[in-house]
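**Q** Can you keep this structure in mind? I'll have questions shortly.
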Amino acid sequence: MVPTGTSVTNIEAFELTTGGGNDTIKLAGRFNDNLNTGAGNDTITPGLGIDTVDGGAGDDLLILDYSSNNYGGISSPWYNGSYGYFQANYNTSSYDQVSYSNIERLQITGTAVDDSIYTGSGNDNIAGGLGDDYISGGDGNDTINGGAGNDTINAGDGNDNIDGVNGASLTPGLGEKDTLTGGTGSDRFILGNATKAYYDDGNTLINGSNDYADITDFNIADGDIIQLQGTSSNYLLAVVGADTQILINKPGTEPDELIGIVRNRTGLSLNGSNFAYVSFAA
């Protein structure tokens, strides 16, 4: 116990155990921590370092953010439901790592390079950041954002929101080919936000075949939805073999812009219930 008004420096590790109740634990810096939050619905941000986190009973959220350092990428080679670990290497001999247990939900922000992120059965929030990321959401109703790069996203079971790009970019999806798999459940594949259509390269001379979302398992029976910016009149569908291409309807002689391919699916309608449109409300 530290008395009021005391300043503590040169701390290398925290050992923290809490009891029942809904705890919020947020640590900054790089320490090697051992955190056990006991019963309750806890929110745990261990910071950097080599950490061990046990959420105990309850609906616990673990928050990890590896976006601020010059890492060599995240790997999560072991996970099993509410147990697992993540490791982020930031040079040839040093790394940050968290081993966790009794964690029901994960909120993860990836690095600026290629990450490999696996999560379990909770309702997780995953942002890959830059790089060509592989993200597996496991079960649960997940929100997954691949960020910039050629990402492969497998959302797993559950009703998931799947977005392969950085929607805040001026040119979201430019130069990207993202592979999006929803798994079972009613999934939303996001190919546009309220202000921008994704994967539009802005080149008026070519048809955009260098950047698009590759949707591998669109399932009408599951209630899957493709989200587009604007209205149905802004788009066209083209059947090529067993697949359906989604294109931005460009004016005049400008080639229509490919932004998505729905694999092994034909008979879609832009005015059907499996397309949703969003736009900015002035």
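The values are calculated or read from the model by the stated rules, or taken from the named source; none is laboratory data. The structure presented is a predicted model; accordingly, all values stated were derived computationally and were not measured. Counting neighbours? That spans all protein chains shown, and the Cβs are built from the backbone with ideal geometry, glycine included.
**Q** Considering only residues that are out of contact with any strand residue (DSSP E or B) (no Cβ under 9 Å at 6 or more places or on another chain) and touching a residue at least 12 places away in the same chain (Cβ under 8 Å), which ones fall in the range 148-169?
**A** Ala148, Asp157, Gly158, Ser169
**Q** Which one is surrounded by the most Cβ atoms within 10 Å (Cβ to Cβ) among residues in the range 251-282 that are in a loop (DSSP other than H, G, I, E, B) and within 23 Å of the chain's Cα centre (by Cα)?
**A** Only one residue tops the list, namely Asn274.
**Q** Restricting to the range 180-202, what's the tally of residues that are part of a loop (DSSP other than H, G, I, E, B), surrounded by 21 or more Cβ atoms within 10 Å (Cβ to Cβ) and touching a residue at least 60 places away in the same chain (Cβ under 8 Å)?
**A** Total meeting the criteria: 3.
This table checks each residue for (1) surrounded by 19 or more Cβ atoms within 10 Å (Cβ to Cβ); (2) modelled with pLDDT of 95 or more; (3) more than 24 Å from Leu174 (Cβ to Cβ).
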position: Ser76; (1), (2), (3): yes, no, yes
position: Phe86; (1), (2), (3): yes, no, yes
position: Ser94; (1), (2), (3): no, no, yes
position: Glu104; (1), (2), (3): yes, no, yes
position: Val113; (1), (2), (3): no, no, no
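**Q** Could you identify the single residue in Ile225, Ile248 that is over 15 Å from Ala197 (Cα atoms), within 27 Å of the chain's Cα centre (by Cα) and among the hydrophobic types (A, V, I, L, M, F, W, C)?
**A** Ile225
**Q** How many residues are part of a strand (DSSP E or B) and surrounded by fewer than 18 Cβ atoms within 10 Å (Cβ to Cβ) if we restrict to the range 229-247?
**A** 6
**Q** Name every residue in the range 3-28 that is within 30 Å of Asp59 (Cβ to Cβ) and either acidic (Asp, Glu) or at pLDDT below 55 (or both), in order of residue number.
**A** Matches in the range 3-28: Glu15, Asp23.
**Q** While we're looking at this one, here's another question. Given the structure, is Gly175 free of Cβ contacts under 8 Å to residues at least 60 places away in the same chain and within 16 Å of the chain's Cα centre (by Cα)?
**A** It is false that Gly175 is free of Cβ contacts under 8 Å to residues at least 60 places away in the same chain and within 16 Å of the chain's Cα centre (by Cα).
**Q** Which of the residues that make up the range 27-57 are more than 25 Å from Gly146 (Cα to Cα), without any contact (Cβ under 8 Å) to a residue 40 or more places away in the chain and under 24 Å from the mean Cα position of the chain (by Cα)?
**A** Correct list: Leu27, Ala28, Asn41, Asp42.
**Q** Now a separate question. Being farther than 22 Å from Gly167 by Cα, in contact with a strand residue (DSSP E or B) (Cβ under 8 Å, 6 or more places away or on another chain) and hydrophobic (A, V, I, L, M, F, W, C): is that true of Leu268 here?
**A** yes
**Q** Output the qualifying pairs, or none if there are none: Cβ atoms under 7 angstrom, residues six or more apart or on different chains, first residue in the range 245-270 and farther than 17 Å from Thr171 by Cβ, second residue in a loop (DSSP other than H, G, I, E, B) and among the charged types (D, E, K, R).
**A** Short answer, once both residue conditions are applied: Leu247/Asp256; Asn249/Asp256; Asp256/Lys250.
**Q** Right, something else. I'd like to verify a number: residues in the range 110-129 that are closer than 14 Å to Asp151 by Cα, among the polar types (S, T, N, Q) and part of a strand (DSSP E or B), how many?
**A** Selection size over the range 110-129: 1.
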